[in-house]
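Data first, discussion second: the structure below is written as structure tokens.
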Amino acid sequence: MNKITKRKVEAFITERKKDSYKGTYGRVLLVGGNENMGGAIILSASACVHSGAGLVTVATDPSNHAALHSRLPEAMCLTLYDLQQLESMIDGMDVIVIGPGLGRDQRAADVMKTVYETIDEEQILVLDGDAIHLHVNENLPPLKAELIVTPHLGEWRTLTGVPIDDQDVELNHQKVKDLNAVVVLKKSRTEVYYEDEVWENTAGNPAMATGGMGDALAGMIAGFVAQFEHKKHAVLASVYLHSYIGDELARHQYVTLPTHIIEQIPETMKTFSKYDSGKRFV
Ligand SMILES: NC(=O)C1=CN([C@@H]2O[C@H](COP(=O)(O)OP(=O)(O)OC[C@H]3O[C@@H](n4cnc5c(N)ncnc54)[C@H](O)[C@@H]3O)[C@@H](O)[C@H]2O)[C@@H](O)CC1
Ligand SMILES: Nc1ncnc2c1ncn2[C@@H]1O[C@H](COP(=O)(O)OP(=O)(O)O)[C@@H](O)[C@H]1O
Ligand SMILES: [Mg+2]
């Protein structure tokens, strides 16, 4: 299995071009956060903005709009259940994240259907949390977009039907090929599955075992994929950096919150970008 290491990620995160602007770094739409789980999508959106996505929009329940605006004025927002508005917004996006705090009710299923119907092959869909359950349990239209799925072990069981104790790398890899997606299988040593290879994260620790940590990762993955040309490197780099920051914080903190990790993303990216591809400090 390939290992995602610090040296590799330093080479993946490059300096920004002088003449770039927000349009260079991608447009991301994050869809989720019902009236009970607004925090989930706020964490995802916040991680996405702090990762450097050019423009971030959030479709969430209206009861979350004020909190989102006050926590993250950089993001625009729209009403989760206004399917017409959602449809027209999807059009201009590079990456769409769906699932954090979405819920699994009929309204959530209708939102999923709209996204699946509207999204096209040029776009990338990040499927997380409740969207994984809806993907399995709802009769959805065929998906044209490139798919990145970010299950934890329980969500992977839902997707594949394989009990957690029976999951192993070989069987997981077979299931990934059937799924036709990139799979970020989240656990203490997260694994990233592509059709032809598997990568293992080499960072992360139990101080990160706290609610919302995966929501933050979904937003980071979207932010990286939206701005970096090399999509595989973007996914591997985001998975590693999320855990690397967690490890740095855990040197002094018993528990690390997703908000703590998010705050550290820009500074950590800067440090990683200072190494050139020859791994030399420049
Ligand atoms: N502040 C918020 O609004 C939060 C909202 N959240 C949302 O809550 C929704 C439900 O997600 P949950 O993951 O809580 O619930 P799920 O019911 O999808 O998954 C929980 C189950 O998965 C299994 N599982 C997960 N990780 C495992 C591991 N490493 N090893 C073994 N078993 C494992 C356990 O059996 C557990 O019962 C999602 O939409 C999520 O985004 C959560 O992220 C928590 C924070
Ligand atoms: N013991 C651990 N060691 C390393 N990473 C962990 C550990 N526990 C949790 N994590 C990380 O925290 C995240 C949890 O994701 P998830 O279960 O989806 O959380 P949530 O849905 O609450 O946001 C994953 O990225 C996982 O790798
Ligand atoms: Mg989750």
Members of the stretch 91-104 that are away from ligand 1 (no atom under 12 Å from the Cβ) and either part of a strand (DSSP E or B) or at pLDDT 95 or above (or both): Met93, Asp94, Val95, Ile96
Residue count, the stretch 77-87 (criterion: in a loop (DSSP other than H, G, I, E, B) and either in contact (Cβ under 8 Å) with a residue 60 or more places away in the chain or open to solvent by 10 Å² or more (accessible area, probe 1.4 Å) (or both)): 2
Wholly enclosed strands (runs of 3 or more DSSP E) of the stretch 1-76 bearing at least 1 residues closer than 22 Å to Val111 by Cα and of a type outside the set (A, V, I, L, M): 27-31, 55-60
Answer residue from the stretch 242-282, given it is in a helix (DSSP H, G or I) and among the small types (Gly, Ala, Ser) and is modelled with the lowest pLDDT among those: Ser273
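Yes/no matrix, rows are residues, columns are (1) assigned to a helix (DSSP H, G or I); (2) at pLDDT 95 or above; (3) more than 8 Å from ligand 2 (Cβ to nearest atom); (4) touching an Asp or Glu at 6+ places or on another chain (Cβ under 9 Å):
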| position | (1), (2), (3), (4) |
| --- | --- |
| Leu147 | no, yes, yes, no |
| Glu155 | yes, yes, no, yes |
| Leu171 | yes, yes, yes, no |
| Asp178 | yes, no, yes, no |
| Val192 | no, yes, yes, yes |
| Ala216 | yes, yes, no, no |
| Phe224 | yes, yes, yes, no |
| Tyr240 | yes, yes, yes, no |
Test: residue in the stretch 200-207 that is assigned to a helix (DSSP H, G or I) and not small (Gly, Ala, Ser): yes
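The values are calculated or read from the model by the stated rules, or taken from the named source; none is laboratory data. Please read these numbers as outputs of a predicted model, since none were measured by experiment. Cβ coordinates were reconstructed from backbone atoms using ideal geometry, including for glycine residues, and neighbour counts include every protein chain displayed. The protein model used for the area step is the full one, side chains on, heavy atoms only, and it has no ligands, DNA or RNA in it. Shrake-Rupley method; radii C 1.70, N 1.55, O 1.52, S 1.80 Å.
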